[in-house]
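The structure appears right after this line, and notes come after that.
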Amino acid sequence: LSGVDALWTVPVGSNSLLIQPYFGNSSGTGFVTGMQAEAVDPFGPGTSFPAVGTEVNFEAKKLGGVNLALSTAIGTFRAGYLTTEVSSGFGGGLIDEDKATFISAGMNIDWNNFVGYAEWASRDQDDGAEVGFPDQEAWYVTAGYRFGPWLPSLTYAQLEEGSPDAASVLAYSQAQTSVTLGLRYELAAGAALKFEATRVEPEDNNIGLFDGPLGDDSANVYSVALDVVF
C-alpha cells in the first residue's frame, strides 16, 4: 500500500476514540478457489477460471477509508469502511476500475477472567470485480474464560454468500459454518501453547474454503501452535 494516513485521538468521557482516515493505491495477489475453478462460463460463453491455486494479480486505486477504535476499560470496539477501484488482467480485462466496498465491525473484551471476541465483515463489488472476487459476508463470535494459565474458548463462525448483481456468481461464492474448541496455555511471558479442534460444515452444493469437494457433509481440522513474542 502506498499512501497517507492520519491518526486523531479524541477523549470520550473516560474512554478514548482513535480515528484513522487513509488514502492511497495498492496492489496484491489472490488465488483461484476450488469453487471458481469449477464454475461454468463465468466471464461469458466458453470461458473458465484457471486451475485451483493460480495466482491472480490485481490493483486497487483511489483506495480510501477510515478506521475507528474506541478503547474502554473492558475492551476495544472497532469499525472500518473502505472503498476502492479494482482492476486486473484476470478475466480478459473484464475487471477494470470496478468499485469495491468493504465494511467491518468488531470488538474484543477482556474483563476479569472473561475474554470475548466478535467480528463481522462484508465485501461488495460491482461489475467484473464481482465475477473475479464474489460478494461475501463473514462473522464469528468467541467466548473464553481464564483459569490461571489456562484459557478454554468456544468459537462459532459463518461465511455467507453476499448479494451479487449477477446470479451466476452464486455458483462459486463460498459458504460454510464452523465450530472451534480452543485451549491456550501460557508457558511464560510472551509465550503460549495453543490447541484447536474445528468442525467445518460447507453449505449444500458448496465446498466452502476447501479446494475441492469433501466427499462428506463436514470435516474436522486439528491444530497445535506455539506463539512467541520477542
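Pull up the range 170-203, narrow it to residues that are surrounded by 14 or more Cβ atoms within 10 Å (Cβ to Cβ), at pLDDT 90 or above and small (G, A, S), then point me to the one that is farthest from the chain's Cα centre (by Cα). The qualifying residue farthest from the chain's Cα centre (by Cα) is A192. Taking the range 1-16 as the range and being free of Cβ contacts under 8 Å to residues at least 24 places away in the same chain and polar (S, T, N, Q) as the test, only T9 passes.
In this structure, does L1 turn out to be within 28 Å of N108 (Cβ to Cβ), loosely packed, with under 12 Cβ neighbours inside 10 Å, out of contact with any helix residue (DSSP H, G or I) (no Cβ under 7 Å at 6 or more places or on another chain) and modelled with pLDDT under 75? So L1 fits the description; yes.
Can you tell me which residue within the range 45-56, out of those that are part of a loop (DSSP other than H, G, I, E, B) and either closer than 13 Å to D98 by Cβ or not aliphatic (A, V, I, L, M) (or both), is modelled with the highest pLDDT? Ranking the candidates gives T54 first.
Is it the case that some residue within the range 57-72 is over 26 Å from V179 (Cβ atoms) and not in a strand (DSSP E or B)? So far as the range 57-72 goes, yes, one or more of its residues are over 26 Å from V179 (Cβ atoms) and not in a strand (DSSP E or B). Any chance the range 146-156 includes a residue that's modelled with pLDDT of 75 or more and of a type in the set (A, V, I, L, M)? Yes; the residues of the range 146-156 include at least one that is modelled with pLDDT of 75 or more and of a type in the set (A, V, I, L, M).
When T142, T76, T83 are checked against the criterion of being polar (S, T, N, Q), at pLDDT 85 or above, in a strand (DSSP E or B) and under 21 Å from V56 (Cα atoms), a single residue qualifies: T83.
The values are calculated or read from the model by the stated rules, or taken from the named source; none is laboratory data. Since this is a predicted model, take the numbers as computed values, not measurements. All Cβ positions, even for glycine, are placed from backbone atoms using ideal geometry, and neighbour counts span all protein chains on display.
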